[in-house]
Amino acid sequence: MSKQDSKFASIFLCLYRKFAAPSTLLNALINRFERNEKNFTDQLTRIADQLRLLNIMSTWVSEYPGDLAYPKTRKRITDFVSTLEKSHFYMFAAKEVGSYLENHAEDDDVGWPFRDGDVDEFDGHETFLNNSGRSSPSLFLGGSTIDEGEDNEEEEDPIYNMSALDLSEGASDPSSKLSNSATFEKPGTVSSQSFTFLSMEAAQKESQNLELTPRLSLSKMQWRQFIEIPDEDFARELTRIDWIMFNSFRPRDLVRHVSISGPDKDKIKSLKHVNRMIKQFNHLAFFVASVILFRDKPKHRAKALEKFMNVAQKLRRLNNYNSLGAVIAGINGTPVHRLSQTRDSVPVQTQKDFMRLVILMGTQKSHFAYRLAWDNTFSERIPFLPLHRRDLVSAEEGNKTFVGDTKSRINWRKFEVMGEVVLGIQRSQKTPYPHLHRYEEAARLVLDIKLSGDDEDLYARSSQVEPSAGGETGRKKFGWLRS
């Protein structure tokens with residue numbers, strides 16, 4: 001399978017639930033396999049094509065086992081694999097698929113517009129995935145059309161004829177290009193898929209220990225503990241927390257998180273892992289502002305502010321863009337940003353270095369600086385989740401899923417945009433951080449501190465420690481400001 005085919009397969013398997021049920025895809029894969037067996041081409045070419053299909057099926061079953069939880073769908077693929085295991089040509093590939101089917105999978109049907117059981121896909125009738133040229137992404141990208149009377153079944157199939165897809169840099173529409181810096185790790189091997197599957201399971205289990213447990217009110221003792229923790233240790237602990245949370249969900253979970261609203265979102269267990277990381281981001285930003293505003297004297301606030309600026313530098317070197325964004329949000333929020341006396345006490349060089357980070361994470365030209373840094377970071381990295389989530393929201397809400405007079409063609413442009421986000425997340429999850437040890441004191445400080453109030457309380461505290469000209473100077477007491 002070529003690099004471009006692998007990109008398309010990854011995007012398709014992640015996003016196809018937006019326009020098809022699993023039984024539809026499975027039926028199309030099996031039909032194509034059976035048609036290939038009847039094809040009178042040379043044996044080596046036919047077997048290579050069949051193994052490519054089985055490789056796609058293996059990737060699908062291993063990465064999205066919940067798609068095949070519906071009883072009829074599971075029986076269909078189980079019977080298909082059992083038959084292939086008797087073949088000398090396909091025995092090993094079939095056994096690989098079968099090994100993934102042995103794992104218990106929870107139903108992943110909640111919240112998708114197309115579900116197994118709504119329509120029975122196993123009655124042999126034609127579907128838009130296996131016979132409709134009008135729905136083919138390759139035709140949509142190329143802008144060509146095929147007369148309905150033409151018998152071009154082999155070339156029209158959007159799932160299997162991946163080599164015909166125009167996903168190269170020569171595409172006519174520059175907006176449809178995938179990232180030039182994109183690299184892809186070939187899927188489908190037992191070792192790589194098992195590692196990914198076990199890694200996510202381990203991350204989900206470990207992330208349960210990272211729930212916020214507000215037990216200790218912020219006091220001078222906790223403030224001093226924070227100041228004494230080395231900047232590198234604090235940044236590495238934030239990165240360890242983010243890395244575990246980031247690996248506890250799949251890119252598809254993030255897609256579903258932006259696609260579903262209302263009570264259905266609460267029914268999906270996997271979305272709690274996305275919610276946990278979002279909650280941690282917001283908590284960290286509030287934690288930063290709260291610690292800075294805690295002390296009454298400008299020199300103490302400046303000490304905390306300087307430390308967070310230094311921690312931000314460490315986070316940048318660790319390529320943890322998520323925590324970096326949260327720290328910047330806490331420092332540049334109005335309650336802290338307005339503290340001129342505090343900032344004047346921070347070394348000028350520290351402020352200049354921090355401003356470079358602000359520019360990096362700034363919104364100018366649609367976050368151009370961050371996107372450039374992200375695309376050119378080839379080592380371990382954690383994305384700035386709010387931006388990537390917003391990209392998915394924009395693609396989801398700004399584009400139709402189906403186009404054409406009869407709404408029978410898939411709007412593949414939409415899924416290319418979403419695929420950019422998906423591929424970036426997938427690649428970053430496959431490049432782990434080495435030697436991320438737990439720093440207990442830093443972890444307990446971040447997770448256990450009870451932060452009372454909201455943004456309005458933070459602003460009131462800010463106005464209290466550094467009143468505006470002519471503003472109120474009355475002292476308001478906050479429970480979270482006292483030991």
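Against the definition (charged (D, E, K, R) and within 22 Å of Q429 (Cα to Cα)), how does E396 come out, yes or no? Here the answer is no, as E396 does not meet what is asked. Candidates in the stretch 254-308 are the residues that are β-branched (V, I, T) and in contact with an Asp or Glu (Cβ under 9 Å, 6 or more places away or on another chain); of these, the one that is surrounded by the fewest Cβ atoms within 10 Å (Cβ to Cβ) is I268. So which residues in the stretch 80-112 are among the aliphatic types (A, V, I, L, M) and either more than 25 Å from the chain's Cα centre (by Cα) or not in a loop (DSSP other than H, G, I, E, B) (or both), if there are any at all? Result: V81, L84, M91, A93, A94, V97, L101. Test V274 against the stated conditions and say whether it is within 30 Å of I11 (Cα to Cα), part of a helix (DSSP H, G or I) and β-branched (V, I, T). The answer is yes for V274.
A Cβ distance below 7 Å, combined with a sequence gap of six or more or placement on separate chains, defines the contacts here; from the stretch 94-113, residues that are in the same structural domain as S23 (by TED's automatic domain parsing) reach residues that are at pLDDT below 80 and of a type in the set (D, E, K, R) in the pairs V110/D264; V110/K267; G111/D264.
The residue list K272, K265 contains one member that is in contact with a helix residue (DSSP H, G or I) (Cβ under 8 Å, 6 or more places away or on another chain) and modelled with pLDDT under 95, which is K265.
The values are calculated or read from the model by the stated rules, or taken from the named source; none is laboratory data. All figures in this text were calculated on a predicted structure; none of them were measured in a lab. Heads up, the Cβs are rebuilt from the backbone with ideal geometry, glycines too, and the neighbour counts pull from every protein chain shown.
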